[in-house]
1. Which value, to two decimals, describes the C-alpha radius of gyration of the range 1-101 once divided by 2.2 N^0.38 Å?
2. Quick check: at a probe of 1.4 Å, how many percent of the accessible area of the chain sits on carbon and sulfur atoms?
3. With a Förster radius of 45 Å, plug the Cβ-Cβ distance of Arg224 and Val322 into 1/(1 + (r/R0)^6) and report the FRET value to the nearest 0.05.
4. Would you please state the base-10 log of I(q)/I(0) at q = 0.16, 0.18 1/Å for the range 217-294, with intensities from the Debye formula using one equal scatterer on every alpha carbon?
5. Rg and Dmax of the chain, using alpha carbons, in Å: what are they?
6. Can you tell me the convex hull volume per residue for the range 151-284, based on C-alpha atoms, in Å³ to the nearest whole number?
7. Return a whole-number percent for the relative contact order of the range 151-284, with Cα pairs under 8 Å and 6 or more residues apart as the contact set.
8. Would you tell me the accessible area of Trp128, worked out with a 1.4 angstrom probe on the heavy atoms of the protein chains, in Å² to the nearest 10?
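The values are calculated or read from the model by the stated rules, or taken from the named source; none is laboratory data. Keep in mind the model is a prediction, meaning the values are calculated, not measured. FYI the Cβ positions are ideal-geometry reconstructions off the backbone, even for glycines, and counts take in every protein chain you see. In case anyone asks, the SASA skips ligands and DNA or RNA and just uses the protein heavy atoms, side chains included. Shrake-Rupley method; radii C 1.70, N 1.55, O 1.52, S 1.80 Å.
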Amino acid sequence: MRIGVLTSGGDCAGLNAVIRAVVLRAVRGYGFEVYGIHEATHGLLQRPVAATRLSPESVKGILYKGGTILRTTNRGNPFAYPQPDGSLLDRSEEVIEGYRMLGLDALIGVGGDGSLAILRRLAEQGGWNLVGVPKTIDNDLGHTERAVGFSTAVVVATEALDRLHVTAASHNRVMVLEVMGRDAGHIALTAGLAGGADVILIPEIPYDMARVCAKVEERRRMGRNFSLIVVAESVRSTSGEVATYVDAHGQSRYGGIGRVIADEVARRTGAETRVTVLGHVQRGGSPTPLDRLLGSAFGVAAVDLVSAGRFDRMVAWQNRRVVDVPLAEACAGFRAVDPNDALVHTARGLGISFGD
Ligand code: F6P
């Protein structure tokens, strides 16, 4: 059997652990051939197809490395591929042809909801045998409690809060940390709790600026002249305000809410405020032990699914074990923070404000 593996969408820590596990399980466990496709579906558009035969030798020493040895992209949807004149072209048949040219019997796609949905559409159209592996620092994929990359992002954000804590205390400042997560507040909530934030703002709970400032003032009355606010990039106020900007390619992106919050807190409370935007630091660097473990478990389980001929499935983490779920359901089932979640309850119990 000849299988392909690709990483798609935004990178994160732990992707190399998946690739390594796929190769070790497939080659040593089943005697399969493995081809690593370069830069997601872009590799399948190249002629000759951009792919490399992977062996246990070629994945030696990558477990602890960030990024992806196969590279990736979160641009260039083959169903609406941007042309130099700004128009969009359907290049899906070329990608499907690339799979055939490689002579693949199955493909393991590592991605988030968007990229797995695109791969699934290609698989349906081209008759591919596809197995999905969930990765995203946002941790928002349906049917899995964890996706590869989330743990590392949380550790990075927690460490940032630890560092901001001491400098906030030294200067009597209100420090605002803006974290990623797209439309989900998992990183902000988890790191905020672990890092001892005083205010956690997440998109699932609209905030009221007056409430945020009330928390800062309350701490002052208690003799604490500094505060830590962690804010997810896509939060919205009770009146619906969000912070987005249009980049040089004309794409609307989240970013800038940290500055909005910091300026408003300074204006309303007179506090000295500073902003840190953590950005892609959350995606790079060495994966945590948990992301290495999850990536390894997912990689092995994905190959086992291929060997069993069980396609159109995604490996998932539920109740401390790997299971598999219908890929379509996982892609469609966006998993936001439940405002009644146990972690939200814990945070409220600690006196942390959600600005509501
Ligand atoms: O989905 C992962 C993610 O890092 C989001 O948290 C963030 O909004 C987005 O990707 C950033 O994308 P890009 O790498 O294109 O800047």
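1. Dividing the Cα Rg of the range 1-101 by 2.2 N^0.38 Å gives 1.15.
2. Numbers: 7330 of 15090 Å².
Using a 1.4 Å probe with all protein chains present, the chain comes out at 49 percent carbon and sulfur.
3. My answer for the efficiency is 0.55.
4. Values, matching the q order: -0.81, -0.91.
5. 21.8, 69
6. It is 104 Å³ per residue.
7. On the way: 261 pairs, mean separation 44.4, N = 134.
So the answer I get is 33 percent.
8. Trp128 exposes around 20 Å² with every protein chain in place.
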